[in-house]
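Peer 1: The structure is given below, and queries will be raised subsequently.
What follows draws every value from the coordinates through simple rules; no lab data is involved. Fair warning: this is a prediction, and the values are worked out from it, not measured in the lab. Glycine also receives a Cβ, built like all others from the backbone with ideal geometry; neighbour counts cover every protein chain displayed.
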Amino acid sequence: MAEYIHISYSTKPNCWNLEASCYGICHQCGCCAKDKKERYQNRVRLMEQELTEREGFSLWDDDTELRKIQEKNVKADIKWFKRRIMYYKKKLSEMGLANDVQEE
């Protein structure tokens, strides 16, 4: 019988991935990579995934007041992710890597 070992690493003190830093376990997303190109590409990829999740959000609360809060928060998240994606794509463009975002 084979034995399996699972090793989790804690996040770095300046973890950029909000989901990972919330739980304290590194997701190996590469958003804190030493190489700037790799770091920016991974940040764009992660933010595009998060943006897709927010745009498809459907777990709305039945309570109208809570739903208004959810709608406000989701709208703010979408705006923030779009701005950050544009920022890092601009940085990549300045490095001559405009369309060089890694796909998984």
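Peer 1: Where does each of 73-83, 54-64, 39-49 land if you order them by average Cβ count within 10 Å, highest first?
Peer 2: Going by the mean number of other Cβ atoms within 10 Å, highest first, we get 39-49, 73-83, 54-64.
Peer 1: Under the classification rounded if a/c is under 1.5, otherwise prolate if a/b is larger than b/c and oblate if not, where does the stretch 1-94 fall, given a ≥ b ≥ c as square roots of the Cα gyration tensor eigenvalues?
Peer 2: It comes out oblate by the Cα gyration axes.
Peer 1: Whose amide H sits under 5 Å from the amide H of ILE25, counting only residues 5 or more places off or on another chain, with H placed in the peptide plane?
Peer 2: Amide H to amide H, under 5 Å and 5 or more residues apart or across chains, ILE25 pairs with THR11.
Peer 1: May I pose another question? Taking the Cα centre of the stretch 18-94 as the origin, how large is its charge dipole in debye, to the nearest 20, when only Lys and Arg (+1) and Asp and Glu (-1) carry charge on their Cβ atoms?
Peer 2: The dipole magnitude comes to about 720 debye.
Peer 1: By a straight-distance test (C-alpha under 28 Å), which lysines pair with LYS91 as possible cross-link partners, with residues fewer than eight away in the same chain excluded?
Peer 2: List returned: LYS12, LYS34, LYS36, LYS37, LYS75, LYS79, LYS82.
Peer 1: Something else: Got a sec? Charge dipole of the stretch 18-94, +1 on Cβ for Lys and Arg, -1 for Asp and Glu; which of LEU66, GLN28, ASN42 is way out at the positive end?
Peer 2: ASN42
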